[in-house]
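These notes are about the structure you will find just below.
The values are calculated or read from the model by the stated rules, or taken from the named source; none is laboratory data. Being a predicted model, the structure only gives us computed values, none of them experimental. Every residue, glycine as well, gets a Cβ built from its backbone with ideal geometry; the counts of neighbours run over all protein chains shown.
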Amino acid sequence: MTPRPGKLALSLLFAFSVAASAEEAAAAPATGLSTSGQVGTNGASGSARGNGPQSSGFELPERVYGGNAISALMPLQVGFVNYMPKVRLGFQYDRQLFKQHWAYVGVAALFDRGDYRTFNESFCGLGASSSTCGKGTVAGIDAWAGWAYKFYLQEYPWLVPIARVGAGGGWWKYPKLSGTRLQALESSWSLSARGGGGVRLFLLEDLAIGLDLNLVIGFTRSKKRELAKETERFSRFLLGMEILPLIVEYRF
């Protein structure tokens, strides 16, 4: 028979061991992982589920940042009535005036390639030789300014519809082939009113993509000099559209 003091010592040692094990389990860091499994005739199967923080992935911004914006606008415009150089590569600066009201200014480079048919002329005007009526490069510049109203959608702050109105003008030079003028048309300048709108989709608080569609109504003034004739200047009605599906806007 074990003496009474020995029994007491064994009891105290057992109690101390249980308490130490419980304290160690409580101090162990939580892994945020729960497991489950089962064993059957086809083998063992199990699953693990994380209870810790998880990545939410990409989220659209809850607000749009900045009262200034710089936009890259491209790539084209179309003349329905009268000629407009097709390729239009521009930059625009917007400044917030009050709430949804903004003012903007912009400048663009104009490019195209064509011959007298492209420019709506009935003939070249510089002789019968086909070499005098070939295709060449049109180059010019365009500038504009106006006012825009940018809507605020409380439920969708990352989506910004825009209505705008403005005015602008441009100038472009018609082709020179083989280093000399081989087209009857020399140059044109234009004045126009522009109205339309667009939309911006903000992927970040300060960066968006979008599109613009603007109707252009105005006139052009052209300079023309046919073979062995005096220089002629004439005006034409202008109706066209700016189609700008490739826009990157940065706000700051």
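Residues checked against (1) β-branched (Val, Ile, Thr); (2) modelled with pLDDT of 95 or more:
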{"residue": "143", "(1), (2)": "no, yes"}
{"residue": "165", "(1), (2)": "yes, yes"}
{"residue": "169", "(1), (2)": "no, yes"}
{"residue": "184", "(1), (2)": "no, no"}
{"residue": "205", "(1), (2)": "no, no"}
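Across segment 150-179, the qualifying residues are those that are among the hydrophobic types (A, V, I, L, M, F, W, C), touching a Leu at 6+ places or on another chain (Cβ under 7 Å) and buried (at least 16 other Cβ atoms within 10 Å of the Cβ), and the one among them that is nearest to residue 140 (Cα to Cα) is 172.
Scanning segment 65-124 for residues that are farther than 22 Å from residue 164 by Cα, in a strand (DSSP E or B) and touching a Ser or Thr at 6+ places or on another chain (Cβ under 8 Å) yields 111, 112, 113. Scanning segment 54-104 for residues being surrounded by fewer than 16 Cβ atoms within 10 Å (Cβ to Cβ) and small (Gly, Ala, Ser) gives a total of 7.
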